[in-house]
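Undergrad: One structure coming up, written as structure tokens, with questions to follow.
The values are calculated or read from the model by the stated rules, or taken from the named source; none is laboratory data. Here the structure is a predicted model, which means the values were calculated and not measured. Heads up, the Cβs are rebuilt from the backbone with ideal geometry, glycines too, and the neighbour counts pull from every protein chain shown. Ligands, DNA and RNA are stripped out before the accessible areas are found, and what is left, the full protein with its side chains, is counted by its heavy atoms. Shrake-Rupley method; radii C 1.70, N 1.55, O 1.52, S 1.80 Å.
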Amino acid sequence: MTTHYHLETLTVHAGMEPDPVSGAVMTPIYQTSTYAQADVAVHKGYEYSRTDNPTRTALQQALAALEGGQHALAFASGMAAIDTILRLIQPGEHVLSGNDVYGGTFRLFDKVLSGYGVQFSFVNTTDVTAVQAAMQPNTRLVWLETPTNPMLRLTDIAAIAQIAHAGGAWLGVDNTFASPVLQRPLALGADFVLHSTTKYIGGHSDVVGGAVVLNDTAVYERLKFLQNAIGAVPGPMDCFLTLRGIKTLALRMAQHCHNAQQVAHFLADHTAVSHVIYPGLESHPQYELARRQMAGPGGMISFILHGGEAAARLVARETKLFTLAESLGGVESLIELPAPMTHASVADSPLAIDPGLVRISVGIEHAADLIADLQQALGQIR
Ligand code: P1T
């Protein structure tokens, strides 16, 4: 189920086989921790649910197909997935990370893993020359988000893959903001695709999860070993919910892009707004790259108001349809201020975010209602 079907077909069918026991069309929630064995160590491929669970297997197959990869592994969260990939890196080895990443990713790298002897440096991956210059003889992994959270900067995945591979390093791309509907990093040369499936893939803000998709079978075997050894796995109910979300991923992404494009134009024309960052606006510094690398500009917008932080806080408080909350990628619209919220852990670091930056996750409601909501909230700035 990997090559010849279109993505819309894969979202509905990949990983889905009628249940061998009952014929159930939807993969059941195999809510079990263990499996009866016919004799000592003789079983049907399932021994214990940290190691394998049929609902998780179905989810992993679906995720692999969506990203066009050979293998996928599901985790309890996006952070658990990133942490497990990073266990491939040994003390004394170097990771070159983008300098605009989710606050929790920076915290894991800078506050946790660097304490175990893994070396990190943070570089602007939109600048290919800067990445080349920052490669070290011991660089084993280049890690980036595109579009980034929260500045929505784009990196040329194919160009960075060449640099990473020439230096003997893997390239890991956090594809959370784009989703496989808009961007498929493996096809552009990435070695790992990472998702916080909490976001667009789950799509309904009702489950936390993560995933890694890759092609290399030997590295997959090692990661699968680590998945079981570390144990940060999702439960069967979480896997079911994520699978259920996947079925509408293509439809949802189309509506997210459609709505966000209209909201971005509205914001760009509003007198209270000083700057809008959205890859679908020609003013975006990587507008051309977005058109080349992505099938659509996505549902995330960041903006700065003339009134700075005070105005930003007011707007985030006053929207009614846009709920003031962390996270993104659900059907409902959300608004937040990254500096004190999702990216609080980069404060006082070189990655610090403008305290007046507003980030919105544009949902699948009617665009006119979303614009009216922003209009009334912006109208309260004096
Ligand atoms: O929250 P979790 O499922 O563990 O995923 C972490 C993560 C990884 N990568 C990106 C690009 C992310 O945005 C996130 C989580 N981000 C938020 C919770 C947020 O509001 O930005």
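Undergrad: Within the group S333, S349, S327, which residue is of a type in the set (S, T, N, Q) and out of contact with any strand residue (DSSP E or B) (no Cβ under 8 Å at 6 or more places or on another chain)?
TA: Only one candidate qualifies: S349.
Undergrad: Something else: Kindly list the number of the only condition in (1) surrounded by fewer than 24 Cβ atoms within 10 Å (Cβ to Cβ); (2) touching a residue at least 60 places away in the same chain (Cβ under 8 Å) that fails for E67.
TA: The one condition E67 does not meet is (1).
Undergrad: Would you mind stating whether I335 is crowded, with 21+ Cβ neighbours inside 10 Å, more than 22 Å from D269 (Cα to Cα) and touching a helix residue (DSSP H, G or I) at 6+ places or on another chain (Cβ under 9 Å)?
TA: Numbers: crowded, with 21+ Cβ neighbours inside 10 Å: yes; more than 22 Å from D269 (Cα to Cα): no; touching a helix residue (DSSP H, G or I) at 6+ places or on another chain (Cβ under 9 Å): yes.
Spelling it out, it is not the case that I335 is crowded, with 21+ Cβ neighbours inside 10 Å, more than 22 Å from D269 (Cα to Cα) and touching a helix residue (DSSP H, G or I) at 6+ places or on another chain (Cβ under 9 Å).
Undergrad: Restricted to region 165-200, and to residues that are within 10 Å of the ligand (Cβ to nearest atom) and of a type in the set (S, T, N, Q), which residue is nearest to D216 (Cα to Cα)?
TA: N175
Undergrad: Is it fair to say L223 is touching a Ser or Thr at 6+ places or on another chain (Cβ under 9 Å), within 16 Å of the ligand (Cβ to nearest atom) and farther than 21 Å from I360 by Cβ? Reasoning before the result, please.
TA: Values: touching a Ser or Thr at 6+ places or on another chain (Cβ under 9 Å): yes; within 16 Å of the ligand (Cβ to nearest atom): no; farther than 21 Å from I360 by Cβ: yes.
In short, no.
Undergrad: Test each condition in (1) at negative phi; (2) free of Cβ contacts under 8 Å to residues at least 60 places away in the same chain for G202 and report the one that comes out false.
TA: Condition (2) is where G202 drops out.
Undergrad: Might you let me know whether region 99-113 holds any residue that is modelled with pLDDT of 95 or more and over 28 Å from R153 (Cβ atoms)?
TA: no
Undergrad: Here is a follow-up. Quick one: which residue in A81, A24, A58 is assigned to a helix (DSSP H, G or I), away from the ligand (no atom under 16 Å from the Cβ) and assigned by TED's automatic domain parsing to the domain that holds L226? Show your work before the answer.
TA: On the way: A81 fails: away from the ligand (no atom under 16 Å from the Cβ); A24 fails: assigned to a helix (DSSP H, G or I).
Result of the check over A81, A24, A58: A58.
Undergrad: Could you check how many residues of region 205-236 are open to solvent by 10 Å² or more (accessible area, probe 1.4 Å) and either within 20 Å of the chain's Cα centre (by Cα) or basic (K, R) (or both)?
TA: Going through region 205-236 one residue at a time, the tally reaches 12.
Undergrad: Taking G308 as the residue in question, decide whether it is touching a residue at least 12 places away in the same chain (Cβ under 8 Å) and closer than 16 Å to G363 by Cα.
TA: Numbers: touching a residue at least 12 places away in the same chain (Cβ under 8 Å): yes; closer than 16 Å to G363 by Cα: no.
No: the conditions fail for G308.
Undergrad: If you don't mind, there's one more thing I want to ask. How many residues are more than 19 Å from H343 (Cβ to Cβ) and crowded, with 17+ Cβ neighbours inside 10 Å if we restrict to region 281-310?
TA: Number of matching residues: 11.
Undergrad: Now for a separate question. Of everything in region 348-382, what is open to solvent by 50 Å² or more (accessible area, probe 1.4 Å) and under 27 Å from F109 (Cα atoms)? Give them in sequence order.
TA: Once the filter is applied, which keeps residues that are open to solvent by 50 Å² or more (accessible area, probe 1.4 Å) and under 27 Å from F109 (Cα atoms), region 348-382 yields D348, P350, A352, D354, P355.
Undergrad: Somewhere in region 89-98, is a residue open to solvent by 10 Å² or more (accessible area, probe 1.4 Å) and within 16 Å of the ligand (Cβ to nearest atom)?
TA: No: region 89-98 contains no residue that is open to solvent by 10 Å² or more (accessible area, probe 1.4 Å) and within 16 Å of the ligand (Cβ to nearest atom).
Undergrad: So, of the residues in region 149-163 that are buried (at least 24 other Cβ atoms within 10 Å of the Cβ) and either polar (S, T, N, Q) or without any contact (Cβ under 8 Å) to a residue 60 or more places away in the chain (or both), which turns out to be nearest to L194 (Cα to Cα)?
TA: This residue is N149.
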